[in-house]
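Colleague: So that we are looking at the same thing, I have put the structure below in structure tokens.
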Amino acid sequence: MIQVEIYTTRSCAYCLAAKRLLSRKGVEFIEIDVGGDAKGRSGMVARANGRMTVPQIFIGPTHVGGYDDLYALDRAGQLDPLLARGAAPADADKEPSA
Ligand SMILES: N[C@@H](CCC(=O)N[C@@H](CS)C(=O)NCC(=O)O)C(=O)O
């Protein structure tokens with residue numbers, strides 16, 4: 001299965017929601033807790049094209065974005081194919097929401 005990574009902090013409702021959505025789908029993920037980890041956080045920001053909020057979710061090479069983006073992908077029927085193949089969805093180059 002494709003590698004799924006999620007940057008989180010402990011007190012983050014959006015992180016919990018994202019993890020629940022992934023878990024409901026039976027997806028295993030690597031959680032990177034950047035709470036109190038300034039170096040980890042700046043690594044996340046660099047990797048996430050400047051986005052500073054948690055969660056930041058990566059599916060294989062694809063930067064999905066935050067929970068809203070994950071949810072929108074799922075609603076659009078694009079999350080399962082992405083999880084299955086790890087390729088970028090057709091509109092992956094669009095500007096993600098904040
Ligand atoms: N729209 C974003 C909202 C994410 C968000 O606001 N996350 C909060 C924590 S739950 C955050 O990162 N706040 C700033 C911070 O913790 O530094 C998403 O769906 O992921």
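The values are calculated or read from the model by the stated rules, or taken from the named source; none is laboratory data. In this text the structure is predicted, and so the values were computed from the model without any measurement. For neighbour counting, all protein chains shown are included, and Cβ atoms are generated from backbone atoms with ideal geometry for every residue, glycine included.
Colleague: Look through segment 1-32, keep the residues that are in a strand (DSSP E or B) and within 12 Å of the ligand (Cβ to nearest atom), and return whichever of them is nearest to Tyr71 (Cα to Cα).
Modeller: Ile6
Colleague: Another question about this same structure. Looking at (1) within 13 Å of the ligand (Cβ to nearest atom); (2) touching a strand residue (DSSP E or B) at 6+ places or on another chain (Cβ under 8 Å), can you tell me which one Leu82 breaks?
Modeller: Among (1) within 13 Å of the ligand (Cβ to nearest atom); (2) touching a strand residue (DSSP E or B) at 6+ places or on another chain (Cβ under 8 Å), the lone unmet condition for Leu82 is (1).
Colleague: Do we find that Asp74 is within 9 Å of the ligand (Cβ to nearest atom) and either touching a Lys or Arg at 6+ places or on another chain (Cβ under 8 Å) or at pLDDT 95 or above (or both) in this structure?
Modeller: Considered against the rule, which asks whether it is within 9 Å of the ligand (Cβ to nearest atom) and either touching a Lys or Arg at 6+ places or on another chain (Cβ under 8 Å) or at pLDDT 95 or above (or both), Asp74 comes out as no.
Colleague: If you scan segment 13-47, which residues turn out to be closer than 18 Å to Ala72 by Cα, among the aliphatic types (A, V, I, L, M) and touching a residue at least 12 places away in the same chain (Cβ under 8 Å)?
Modeller: Of everything in segment 13-47, those that are closer than 18 Å to Ala72 by Cα, among the aliphatic types (A, V, I, L, M) and touching a residue at least 12 places away in the same chain (Cβ under 8 Å) turn out to be Ala17, Ala18, Leu21, Leu22, Val27.
Colleague: Tally up the residues in segment 1-52 that are among the hydroxyl-bearing types (Ser, Thr, Tyr) and surrounded by 18 or more Cβ atoms within 10 Å (Cβ to Cβ), please.
Modeller: 2
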